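Colleague: Before we start, here is the structure in question, set down as structure tokens.
What follows is calculated from the coordinates using simple rules that are stated; it is not laboratory data. Worth saying up front: this structure is predicted, and the values here are computed from it rather than measured. Don't worry about glycine lacking a Cβ; one is built from the backbone with ideal geometry, like all the others, and counts go over all protein chains shown.
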Amino acid sequence: MLKNFSRRRVLRGMLNGGAITVGLPLLDCFLNSNGNAFADGKPMPVRFGTWSWGLGMTHDLFVPKKTGKDFEFPEEIEALKPYRDNMNVLTNFVGFRDGAALVGHSTAWIISRTGNPPTPAQGLSDGTWDIKVANHIGSRNRFKTLTVTAAGHARASYSYENPNTVNASEYSPLQFYARLFGPEFTDPNGKDFKPSPLVMSRKSVLSVVMEDMSWLNQRVGAADKERLDKYFTGLRHLENQLDQQLTKPEAIEACRPVEPGKDNVHMGLESPSIVVRNKMMSDLLAMAVACDQTRVLNMAYADMSSNTVKPGYDKPHHTTTHEEPVDEKGHQPNCSWFTRRCMEGFATFLHSFSDIKEGDGTLLDNMLIVADTDCGSARTHSLDDIPMFTAGRAGGKFKTGLHIDMKGAPMSRMALTAMRTLGMDLQKFGGGTNLTSDSISEIVV
């Protein structure tokens, strides 16, 4: 470590006359000689993300015939071949309804993200597990979690704080840039650290509120205690985030945000527009992670019931899955075209993270990304034969380069595996037939 140069150095800037700070990137000089841990022996931070696409796949064109290593990349996932060594393909998951009503394109993703089918009111029984991860590893960052989409509207989100509170997606690249790197993000060349009076006042107000928690809890009934517990849990997370802005954060050389284009990209549903937005949002997310603005993120390429439009074709993606006739091979060519665009979008997303150097590897090496969808067969919208992907090595805790046939295992096994890998002490996850206590041992180091 360089003399008189601490990894607690920060960025500096001004807002309304007061100095504010945010986390800096990890510089090589703060790491050990191998570049895989801090100089003081602390491990590199591991980050987590989800990526989702809609309407599943065509089995023959998507699922590799060989399991284990050296599997082939069929036509629908061919775009992911450059990332073979950084990812896993997992196929043949099942979402078990356990007698619950089938809720369009929601049942599978709700099972995937909560471990349970939709409730009778066609809602979630709990918040999504990405928030459980965020509460565990992300509560001290400026943003506990970031949720974005390339779909062009805020509704494309599969992240819920609780059954009734969705994390609406950022959908405008320009607005997302302003949120990440606007007035509250400071000059990366700043040298001095002066906590913001505005942040300090917010912290003081919250501290007073938290001190009153015990007094209030003694005077309300059981139902109100439960509501207050959720409320104060949120305030604790907010206090942790404010603490981050009052403390000199880690420094990371990779933090080099660039200006976006001056014109906002067209917000239509045409595939070329989604491709552009996906690239911009992926790059912004990667830089937000590199700058330690967040350690948890969610990206939706499009809606689960995607209405993406193919230029020159008269049916959107979802309608195509229902109405396009099959060819002599039993495939829906245009439906498959949409799936390939989704996989190209995932490849673009992975490139954004693998293109940033961190330590002796890349940002992707210190991440765990889980990609899921809402069904197996695009044509039948089945709840079996559902594919997923993982990407990144989670700081050396995950094996990669594998195709694994899950043989009808519940989707909840992926969630449990990921949460345990990220340091959460969980014995089980899910409910009913989706309940599992087993990690996916094939991909865990």
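Colleague: Arranged from highest to lowest average of other beta-carbon atoms within 10 Å per residue, in what order do the peptides 160-170, 84-94 appear?
Modeller: 84-94, 160-170
Colleague: Taking the Cα centre of each part, how many Å lie between region 409-445 and region 333-356?
Modeller: Between the Cα centres of region 409-445 and region 333-356 lies a distance of 26 Å.
Colleague: A follow-up question, please. Output the pairs from LYS279/LYS357; LYS66/LYS397; LYS397/LYS428; LYS69/LYS397; LYS66/LYS399; LYS357/LYS397 with a Cα-Cα distance over 21 Å in this structure; if there are none, say none.
Modeller: Table pairs above 21 Å Cα-Cα are LYS66/LYS397.
Colleague: So, one more: Assuming 0.890 mPa s and 25 °C, estimate D for region 278-391 with Stokes-Einstein, Rh taken as the Kirkwood radius over Cα pairs, in µm²/s.
Modeller: In µm²/s, the coefficient rounds to 155.
Colleague: Between ASP438 and VAL276, what is the FRET efficiency for a Förster distance of 41 Å, r being their Cβ-Cβ separation, to the nearest 0.05?
Modeller: 0.50
Colleague: Another one. Suppose R0 equals 56 Å; then what is the FRET efficiency for HIS136 and LYS329 from their Cβ-Cβ distance, rounded to the nearest 0.05?
Modeller: About 0.75, to the nearest 0.05.
Colleague: For a quick check: sort ASP314, ASP360 by the number of other beta carbons within 10 angstrom, fewest at the front.
Modeller: Lowest count first: ASP314, ASP360.
Colleague: How far apart, in nm, are two points set 7 Å out from the Cα along the Cα-to-Cβ line at TRP337 and at ASP98?
Modeller: Result for the modelled spin labels: 4.2 nm.
Colleague: Over all alpha-carbon pairs of region 341-445, lay out the pair-distance distribution in 5 Å bins, whole %, shortest bin first.
Modeller: The percentages, shortest bin first, are 2, 11, 19, 22, 20, 14, 8, 3, 1, 0.
Colleague: Same structure again: For region 91-146, what is the convex hull (Cα atoms) projected area averaged across all directions, in square nanometres? Could you put the intermediate results ahead of the total?
Modeller: Numbers: hull surface 20.1 nm².
Approximately 5.0 nm², given one-decimal rounding.
Colleague: Calculated FRET efficiency, ASP85 and ARG219, Cβ-Cβ r, R0 51 Å, to nearest 0.05?
Modeller: That pair, ASP85 with ARG219, gives E of 0.30.
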